[in-house]
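No lab work stands behind these numbers, since they all come straight from the coordinates. What you see is a predicted model, and the numbers here were worked out from it, not measured in a lab. Cβ coordinates were reconstructed from backbone atoms using ideal geometry, including for glycine residues, and neighbour counts include every protein chain displayed.
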Amino acid sequence: MKATGKVLIIDDNLAFLKQYEDRLGDEGYVVEAARDRTTALNKLDSGLWDVVLLDQKLEGPGGTDSGLELIAEIARRAPSAKTILVTAYATTPAIQRAFREGVYDYLQKDEFFTALLVAKLRNAMEVVRAQRFGGLTHAESEAEIADTWSAVQTEADSNRKGTLLENLIVLLLQTIPGFRNASTRRKNEIEEIDVVVRNESTDPIWINEGSYILVECKHWSKPVGASELRNFLGKLERKYDRCKLGLFVAPGGFTEPLKSVLLTEMKGNKVILLIAPGDLVALVASKDRNETLKQFHQRSVIEMNGH
């Protein structure tokens, strides 16, 4: 799954296609559209798709439920993709048929459409990524890491670059024993967390670092400042002492004031590892990422505090 996640939209409504492209582009996804069955089938055959957003009616409001006829074709031509049925005309028989034929979820075209679109698509992407990455051999996983790192460095679109960086971190952390179920962009009413990792490690270094590890990714070309660090520290402190370890990843580096804040304002049992450009290169190239991350941990706990 190279990169940002590929989404195929099958919908004849130009207004909704515009909404899709604007909103999903902001999320960093690669989006293509098909307005009819023939174009949809050609696109399904021409690429590896992660999620398909399928309109129930492809012939206008007065047409038949022709989108439902595509569900089986999507499953056959893109078996690893998750299909989300999108409809303004939900009926019990149509929804029951859609799930019977294998759709992953459905989404109504109503006043909550835009908000639910992002949440439902993100959930589907997490499932696809877990299935695809979980089935990779060691060699395939390392090739995916190398490809994603290359894409991070060359991607010009800011939104896609951010998503690529988050996906890279997920790939890297999944190679460390005991770091499980990494997921991206967890969001609630007050904050968004770029990456959350469940910590089930039995390694003495990690076992006491809390149930969850949080990761903040800043894909900026310029150094990240102190205010962003304080914001991230606040996220750690709001997790009922279940999150003691954070990784702050910045390919553009960190300002000196940020490092001063790290030394003077870190309190209690919280630890933030600063992952600067050279550290990211080291993680990508490492043959033992568990050991490499331990070195970063030692630097933060011992060396940066002057001991």
Practice item. Find how many whole Å separate the alpha carbon centroid of the range 105-154 from the alpha carbon centroid of the range 243-302. Key: 26 Å
Check your understanding: So what is the orientation-averaged projected area of the chain, using the convex hull of its C-alpha atoms, in nm²?
Key -> 17.1 nm²
Check your understanding: Three principal axis extents, largest first, for the C-alpha atoms of the range 93-250, in Å?
Key -> 53, 39, 36
Exercise for review: Report the charge-dipole magnitude of the chain in Debye, nearest 20, computed about the Cα centre from +1 at each Lys and Arg Cβ and -1 at each Asp and Glu Cβ.
Suggested key: 560 debye
Check your understanding: Looking at the range 6-132, what % of the alpha carbon pairs are farther apart than 17 Å?
Key -> 52 percent
Check your understanding: Cross-link list Lys270/Lys294; Lys161/Lys259; Lys43/Lys187; Lys222/Lys294; Lys18/Lys57: which exceed 20 angstrom alpha carbon to alpha carbon?
Key -> Lys161/Lys259; Lys43/Lys187; Lys222/Lys294
Point to revise | Candidates per trypsin sites (Lys or Arg not before Pro) in the range 219-307, loop by DSSP, up to 12 other Cβ within 10 Å | key: Arg238, Arg242, Lys267, Lys287
Check your understanding: What do you get for Rg/Rh over the range 215-301 if you use C-alpha atoms and the Kirkwood form of Rh?
Key -> 0.95
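How would you rank Tyr29, Tyr240, Tyr106, Tyr89, going from fewest to most other Cβ atoms within 10 Å of each one's own Cβ?
Tyr240, Tyr89, Tyr106, Tyr29
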Practice item. Would you work out which of Leu164, Leu263, Gly178 lies farthest towards the positive end of the dipole of the range 137-303, given +1 charges on the beta-carbon of Lys and Arg and -1 on that of Asp and Glu, about the Cα centre? Key: Leu263
Revision key, fill the gap. Given unit charges at Cβ for Lys, Arg (+) and Asp, Glu (-), the dipole magnitude of the range 54-193 about its Cα centre in debye, nearest 20, is 280 debye
Review point. Taking θ as phi - 60°, what are the ³J(HN,Hα) couplings along the range 208-224 by the Karplus curve (6.51, -1.76, 1.60), each to the nearest whole Hz, with x for Gly and Pro?
Key: 9, 8, x, 6, 9, 10, 9, 10, 10, 10, 10, 8, 5, 7, 9, x, 8
Review point. Residue farthest toward the positive end of the dipole of the range 6-132, with Cβ of Lys/Arg at +1 and Asp/Glu at -1: which of Val30, Leu14, Gln131?
Key: Gln131
